[in-house]
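Novice: Got a structure for you, written out below as structure tokens; questions coming shortly.
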Amino acid sequence: MSIVRHEPSSILCNAVVHNGVVYLAGITAADTSADVKGQTVQVLDEIDRLLALCGTHKSKILTASIWLPKISTRPQMNEAWNLWSDKANLPARACVESKLADPAWLVEIAVTAAV
Amino acid sequence: MSIVRHEPSSILCNAVVHNGVVYLAGITAADTSADVKGQTVQVLDEIDRLLALCGTHKSKILTASIWLPKISTRPQMNEAWNLWSDKANLPARACVESKLADPAWLVEIAVTAAV
Amino acid sequence: MSIVRHEPSSILCNAVVHNGVVYLAGITAADTSADVKGQTVQVLDEIDRLLALCGTHKSKILTASIWLPKISTRPQMNEAWNLWSDKANLPARACVESKLADPAWLVEIAVTAAV
């Protein structure tokens, strides 16, 4: 079973595909001037782009791990989540509080999906 | 390889099965009047129920991710874990501190298992 | 699809193999007198050992989850990461702040790899 790696940086790959599953890196927003909802929209757009790059789609999402530096902002994150998510194909999800590498990042999301 | 999704809420599914693996959502206690050990018992009971729903069992557990809002309560969580876990079939496990979505939740656990 | 479990302790296995994937437990340093970089070196050495035990290698790593009790120490962790990681075969990675079970632990890393 081969491994296909997409978009390597110096420390990680944005997407790794193996045995019918794609694993995405923890994704954060590029434009950190946005609020929690706006950053979440950016993160989910980037997840859409990476899933497409791997030949899959949010309808095949398996899991989502969500980290918020302030768990009290979960409702704002969920507003963007609810606009984006495929209600017929929701993943197993966990959402907890953790500070992120850049204090300007207000949300980080890592997903896996079937390919 | 098909995807089977169980118990969707508005934001997630409690269990997603794909390619011989079930992924459970991060599970928390329904009765938050319980202490850490009591909430962990509830969480592990719910995990048993969801694994059974997917046709599997804790003896086939692969991984467990555990979040505690106070890492100092790990011994109380482990008391319930030790009563529940199948000593011949223990998972790879990580346990770290993170605040959870509801401050009344004292433990959250997400597991994967072979189906 | 069988499950192979390596190095059980009383609460977890250090490595669980299923369906062509190995899942490692969250690994921490044995010698906690070391600083963040030194503890990360120890953790990555232990990951090498466990991957070899399962018949695989860091070149087949799929994902890495990294927890730091102080996210500000990420650069020191990354120094060790950059010396260790296989630049042609980088994993999907997420790195967030969480306190760990022992306050002397300065980094915890859980990886998955193809076998």
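The values are calculated or read from the model by the stated rules, or taken from the named source; none is laboratory data. Since the structure is predicted, the reported quantities are computational estimates derived from the model, not experimental observations. Every residue, glycine as well, gets a Cβ built from its backbone with ideal geometry; the counts of neighbours run over all protein chains shown.
Novice: Every residue in the stretch B:103-115 that is more than 20 Å from A:LYS99 (Cβ to Cβ) and surrounded by fewer than 20 Cβ atoms within 10 Å (Cβ to Cβ), please.
Specialist: Across the stretch B:103-115, the qualifying residues are B:ALA104, B:ALA114, B:VAL115.
Novice: Also, I was wondering about something else. Inspect the stretch B:63-76 for any residue being within 14 Å of chain C (Cβ to nearest Cβ), in contact with a Gly (Cβ under 6 Å, 6 or more places away or on another chain) and closer than 13 Å to C:ILE11 by Cα and give the result as yes or no.
Specialist: Keep residues of the stretch B:63-76 that are within 14 Å of chain C (Cβ to nearest Cβ), which gives B:63-76.
Okay, now just the ones that are also in contact with a Gly (Cβ under 6 Å, 6 or more places away or on another chain), so none.
Within the stretch B:63-76, none of the residues are within 14 Å of chain C (Cβ to nearest Cβ), in contact with a Gly (Cβ under 6 Å, 6 or more places away or on another chain) and closer than 13 Å to C:ILE11 by Cα.
Novice: Ok, one more. Can you name the residue in the stretch C:41-67 that is buried (at least 17 other Cβ atoms within 10 Å of the Cβ) and without any contact (Cβ under 8 Å) to a residue 40 or more places away in the chain and is also nearest to C:LYS99 (Cα to Cα) among such residues?
Specialist: Among those that are buried (at least 17 other Cβ atoms within 10 Å of the Cβ) and without any contact (Cβ under 8 Å) to a residue 40 or more places away in the chain, it is C:GLN42.
Novice: Further question on the same structure: Within the stretch B:73-98, how many residues are crowded, with 19+ Cβ neighbours inside 10 Å and either of a type in the set (Gly, Ala, Ser) or touching a Pro at 6+ places or on another chain (Cβ under 6 Å) (or both)?
Specialist: Of the residues in the stretch B:73-98, 6 are crowded, with 19+ Cβ neighbours inside 10 Å and either of a type in the set (Gly, Ala, Ser) or touching a Pro at 6+ places or on another chain (Cβ under 6 Å) (or both).
Novice: Sort out which residues of the stretch A:57-72 are in contact with a Pro (Cβ under 8 Å, 6 or more places away or on another chain) and closer than 22 Å to B:VAL111 by Cα, and write them in order of number. Let's see the steps before the verdict.
Specialist: First pass over the stretch A:57-72, keeping only residues in contact with a Pro (Cβ under 8 Å, 6 or more places away or on another chain): A:61-64, A:69.
Scanning the stretch A:57-72 gives A:ILE61, A:LEU62, A:THR63, A:ALA64.
Novice: Looking for whichever is under 13 Å from B:VAL96 (Cα atoms) and touching a strand residue (DSSP E or B) at 6+ places or on another chain (Cβ under 9 Å) here; the options are C:SER98, C:SER85. Which one fits? Spell out how you get there, then give the answer.
Specialist: Details: C:SER85 fails: under 13 Å from B:VAL96 (Cα atoms).
Residue meeting the stated conditions: C:SER98.
Novice: Failed condition for B:THR56, given (1) part of a loop (DSSP other than H, G, I, E, B); (2) in contact with a helix residue (DSSP H, G or I) (Cβ under 6 Å, 6 or more places away or on another chain), with all others met?
Specialist: Of the numbered conditions (1) part of a loop (DSSP other than H, G, I, E, B); (2) in contact with a helix residue (DSSP H, G or I) (Cβ under 6 Å, 6 or more places away or on another chain), the odd one out for B:THR56 is (2).
Novice: Residues to consider are B:TRP81, B:TRP105; find the one that is among the aromatic types (Phe, Trp, Tyr) and either modelled with pLDDT under 95 or more than 19 Å from C:LEU12 (Cβ to Cβ) (or both).
Specialist: Values: B:TRP81 fails: either modelled with pLDDT under 95 or more than 19 Å from C:LEU12 (Cβ to Cβ) (or both).
Exactly one residue qualifies, and that residue is B:TRP105.
Novice: Let me ask another. Does the stretch C:85-98 contain any residue that is more than 8 Å from chain A (Cβ to nearest Cβ) and either under 24 Å from A:ILE66 (Cβ atoms) or at pLDDT below 95 (or both)?
Specialist: Checking the stretch C:85-98: not a single residue is more than 8 Å from chain A (Cβ to nearest Cβ) and either under 24 Å from A:ILE66 (Cβ atoms) or at pLDDT below 95 (or both).
Novice: To continue, here is another question. Please identify the pairs in which a residue from the stretch B:15-40 that is more than 7 Å from chain A (Cβ to nearest Cβ) has its Cβ atom under 6 Å from the Cβ atom of a residue that is modelled with pLDDT under 95, counting only partners at least 6 apart or on another chain.
Specialist: From residues that are more than 7 Å from chain A (Cβ to nearest Cβ), the pairs are B:GLY20/C:MET1.
Novice: Does B:LEU12 meet the test of being buried (at least 20 other Cβ atoms within 10 Å of the Cβ), free of Cβ contacts under 8 Å to residues at least 40 places away in the same chain and aliphatic (A, V, I, L, M)? Walk me through it before giving the result.
Specialist: Values: buried (at least 20 other Cβ atoms within 10 Å of the Cβ): yes; free of Cβ contacts under 8 Å to residues at least 40 places away in the same chain: yes; aliphatic (A, V, I, L, M): yes.
It is true that B:LEU12 is buried (at least 20 other Cβ atoms within 10 Å of the Cβ), free of Cβ contacts under 8 Å to residues at least 40 places away in the same chain and aliphatic (A, V, I, L, M).
Novice: Moving on. Just to be sure I understand, how many residues within the stretch B:74-95 are touching a residue at least 40 places away in the same chain (Cβ under 8 Å), under 15 Å from B:ILE47 (Cα atoms) and not aliphatic (A, V, I, L, M)?
Specialist: Of the residues in the stretch B:74-95, 2 are touching a residue at least 40 places away in the same chain (Cβ under 8 Å), under 15 Å from B:ILE47 (Cα atoms) and not aliphatic (A, V, I, L, M).
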